[in-house]
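The values are calculated or read from the model by the stated rules, or taken from the named source; none is laboratory data. It should be emphasised that the depicted structure is a prediction, and the values quoted were computed from it without experimental measurement. Every residue, glycine as well, gets a Cβ built from its backbone with ideal geometry; the counts of neighbours run over all protein chains shown. Keep in mind that these areas ignore ligands, DNA and RNA; they rest on the heavy atoms of the full protein, side chains included. Shrake-Rupley method; radii C 1.70, N 1.55, O 1.52, S 1.80 Å.
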Amino acid sequence: MDARFNMLDNEIAVKFFKRFANASLVIHQSPLPSSTQELVSLRASQINGCGWCIDMHTKEAAAAGETPVRLHLVAAWRESTVFTEAERAALALAEEGTRLADAHHGVSDETWAQVRKHYDDDQIAALVSLVALINAANRLAVIVHQQGGSYEPGMFAAVFN
């Protein structure tokens, strides 16, 4: 299956993506640990079936030193021993924030309490923003059938600078 539309060949789309990248940079520069950022992005992308984003966040996490075991177990994090309590809280928030249509209650009070226990206000702001941003990115890529497999770590830095 080929991509339906090349968003990087369209002036409006490129302008949008530059602003999108700036929003991403705010999160990237936040005090939320980068490993947590990648794990959350990976888990939301798995739920949304976004091959491009799964490819990107798996490779970025690996390039930053994330272990293959943890990357392989993100999809089954509840049944794994390799994630910290804080990471588990972030992954639960990512799942519940991504599955809004599936979980009529949205983010549960229990999950929110765990997030509050492990993260300060700045980290929570970044985490909530990240969940919203990765879900938007997933939808953009899925709509145009952007395929996974060709991403190289750091490639967007050259495109949007």
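Per-residue answers, yes or no, for (1) among the charged types (D, E, K, R); (2) at pLDDT below 95; (3) within 16 Å of Ala137 (Cβ to Cβ):
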residue	(1), (2), (3)
Ala13	no, yes, yes
Leu32	no, no, no
Gln37	no, no, yes
Ile54	no, no, yes
Glu79	yes, no, no
Glu96	yes, no, no
His104	no, yes, no
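Just checking, does segment 149-161 include any residue being open to solvent by 60 Å² or more (accessible area, probe 1.4 Å) and within 17 Å of Ile47 (Cβ to Cβ)? Outline the logic, then answer.
Let us first name the residues in segment 149-161 that are open to solvent by 60 Å² or more (accessible area, probe 1.4 Å), namely 150, 152-153, 155, 158-159, 161.
Adding the requirement that they be within 17 Å of Ile47 (Cβ to Cβ) leaves none.
Checked against the condition, which is being open to solvent by 60 Å² or more (accessible area, probe 1.4 Å) and within 17 Å of Ile47 (Cβ to Cβ), segment 149-161 yields no hits at all.
Can you tell me how many residues within segment 128-146 are in contact with a helix residue (DSSP H, G or I) (Cβ under 6 Å, 6 or more places away or on another chain), open to solvent by 50 Å² or more (accessible area, probe 1.4 Å) and modelled with pLDDT of 95 or more?
Result for segment 128-146: 1.
Failed condition for Glu60, given (1) open to solvent by less than 50 Å² (accessible area, probe 1.4 Å); (2) in contact (Cβ under 8 Å) with a residue 24 or more places away in the chain; (3) over 19 Å from Ala92 (Cβ atoms); (4) out of contact with any Pro (no Cβ under 9 Å at 6 or more places or on another chain), with all others met?
(4)
Can you go through Ser24, Ser45, Ser34 and tell me which one is in contact with a Cys (Cβ under 7 Å, 6 or more places away or on another chain) and either closer than 22 Å to Gln123 by Cβ or of a type in the set (Gly, Ala, Ser) (or both)?
Of Ser24, Ser45, Ser34, the one residue that is in contact with a Cys (Cβ under 7 Å, 6 or more places away or on another chain) and either closer than 22 Å to Gln123 by Cβ or of a type in the set (Gly, Ala, Ser) (or both) is Ser45.
Any residue at all in segment 117-127 that's of a type in the set (Gly, Ala, Ser) and open to solvent by 70 Å² or more (accessible area, probe 1.4 Å)?
no
Is it true that some residue in segment 98-107 is surrounded by 15 or more Cβ atoms within 10 Å (Cβ to Cβ), aliphatic (A, V, I, L, M) and in a helix (DSSP H, G or I)?
Scanning segment 98-107 turns up no residue that is surrounded by 15 or more Cβ atoms within 10 Å (Cβ to Cβ), aliphatic (A, V, I, L, M) and in a helix (DSSP H, G or I).
All but one of (1) without any contact (Cβ under 8 Å) to a residue 40 or more places away in the chain; (2) β-branched (Val, Ile, Thr); (3) buried (at least 16 other Cβ atoms within 10 Å of the Cβ) hold for Ile54; state the number of the condition that does not hold.
(1)
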